[in-house]
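Report on the structure given below.
The values are calculated or read from the model by the stated rules, or taken from the named source; none is laboratory data. Predicted, not measured: the structure shown is a model, and the values here were computed from it. Don't worry about glycine lacking a Cβ; one is built from the backbone with ideal geometry, like all the others, and counts go over all protein chains shown. Note: accessible area is taken over every heavy atom of the protein model, side chains too, but ligands, DNA and RNA are not part of it. Shrake-Rupley method; radii C 1.70, N 1.55, O 1.52, S 1.80 Å.
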Amino acid sequence: MPKATDVYIFGYQSILSKGSLAATLGQHALNSHLVPAWLAGYQRSWNAVRDFQTHASKRYVAAHDWSVAARVAFCNLQAVPGTALNGICQFVHAEQLDELDFREQGYQRIDVTDQIQAYPGHALMPGLACHTYIDLHPSLDPAPTSLRYFEMGLHGARALDAVAPGFFQAYRNSTAEPHLLLSDPVFVFFSPDGRHLWLLDEQDSSLTLLMRFAQSQLTSTTASSSEQVAELSRPVTGELAWLDLRSRRDQAVAHPWIPAAMAVELLQTPDDQLHELAHSGYWLCRLASSQSSKLTPAALATLSNDPDFWVRRAVRQRLQPGEEV
């Protein structure tokens, strides 16, 4: 029986893709109450822009060298009177909202209950509010969008035709074209606990565990046991099983998302020699180095002045209050 504080979340892009919300809330999200619906007064746009060079917990990287992308655009809702766009209303327990808010950083969760109408033949449970996420400070300067992220909405909308005929075409009609699509970016992110760094396959929402950390890398967390179970139980991206930390192997397999030289450094450097990666050309390898128990003062000093924000932060997290490099 739902509680009065439970809500629906209206998803209009990534949440349309089966398994996307389950990556945050666990497998039960795949089977929870889901209702195709219309949201009045909005259209989909691509002006929720994030600068990943300074982002605390997420980033896109270029597949060929893992350099960090700067500005990347995500889907947003743009108010257009007299219009409507389609999406899905996903039932969410009140205690899971903190986890969703963490996932949707940069967006604000707002109440759109009065603007939601279920598709014919579907019904929302009475008495529950409906929320959605909107970036209330959209960028006026266009930025590129990840092709795989864009395709999450397309694939999800096409699949929803089976339960709501015409859903896919309505999605296309209510979606502006992105400014520019990039096929190169790879998405990596920290769990809310700040101790797990994941690589996400945006097509099927599978995950690969890149690193674990001794200390949380985030200054404030909303981590919960359900969140950790949700991510740790997600399928591993099939072609990257050799890279997953839980079963990492010595030999890499060629993959278009992983630079071969970076894979060699990660896989063939023994744990007791990780400190040697402090001068690597790859930020992920230097981040791994920051966790070594054998870091010399010189290596600590090098990493504390690293050009990458995440590496510098990892070194700071190792130091005791008042301690300096």
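Couple of notes before you dig in:
- Members of segment 225-276 that are touching a Lys or Arg at 6+ places or on another chain (Cβ under 6 Å) and at pLDDT 95 or above: TRP242
- Within segment 32-43, tally of residues that are part of a strand (DSSP E or B), of a type in the set (Gly, Ala, Ser) and open to solvent by less than 40 Å² (accessible area, probe 1.4 Å): 2
- Any hit, segment 138-149, residues being surrounded by fewer than 14 Cβ atoms within 10 Å (Cβ to Cβ) and without any contact (Cβ under 8 Å) to a residue 12 or more places away in the chain: no
- The single condition from (1) under 20 Å from ALA62 (Cα atoms); (2) loosely packed, with under 12 Cβ neighbours inside 10 Å that ILE258 fails is (2).
- One residue stands out in segment 85-104 among those that are polar (S, T, N, Q) and modelled with pLDDT of 90 or more: the one that is farthest from HIS137 (Cα to Cα), namely GLN90.
- Scanning segment 61-84 for residues that are modelled with pLDDT under 95 and within 15 Å of the chain's Cα centre (by Cα) yields one hit, ALA69.
- Candidates are the residues of segment 44-55 that are open to solvent by 40 Å² or more (accessible area, probe 1.4 Å) and touching a residue at least 24 places away in the same chain (Cβ under 8 Å); the one that is nearest to HIS179 (Cα to Cα) is GLN53.
- When segment 152-161 is limited to residues that are surrounded by 15 or more Cβ atoms within 10 Å (Cβ to Cβ) and in contact (Cβ under 8 Å) with a residue 12 or more places away in the chain, the one that is nearest to the chain's Cα centre (by Cα) turns out to be MET152.
- Per the conditions (1) at pLDDT 95 or above; (2) open to solvent by 20 Å² or more (accessible area, probe 1.4 Å); (3) closer than 20 Å to ASP204 by Cβ, the sole criterion not satisfied by TYR171 is (2).
- Conditions (1) of a type in the set (D, E, K, R); (2) within 19 Å of LEU218 (Cβ to Cβ); (3) surrounded by fewer than 19 Cβ atoms within 10 Å (Cβ to Cβ); number of the one not met by ASP306: (3)
- For segment 227-243, a residue qualifies if it is assigned to a loop (DSSP other than H, G, I, E, B), surrounded by fewer than 19 Cβ atoms within 10 Å (Cβ to Cβ) and not aromatic (Phe, Trp, Tyr), and the qualifying residues are SER233, PRO235, ALA241.
- Of everything in segment 178-213 that is touching a Phe, Trp or Tyr at 6+ places or on another chain (Cβ under 8 Å) and assigned to a loop (DSSP other than H, G, I, E, B), the residue that is most open to solvent (accessible area, probe 1.4 Å) is HIS179.
- Count - residues of segment 123-137 that are open to solvent by 70 Å² or more (accessible area, probe 1.4 Å) and either touching a Gly at 6+ places or on another chain (Cβ under 7 Å) or among the small types (Gly, Ala, Ser) (or both): 1
- Evaluated against (1) over 14 Å from the mean Cα position of the chain (by Cα); (2) open to solvent by 30 Å² or more (accessible area, probe 1.4 Å), GLY87 falls short on exactly one condition, (2).
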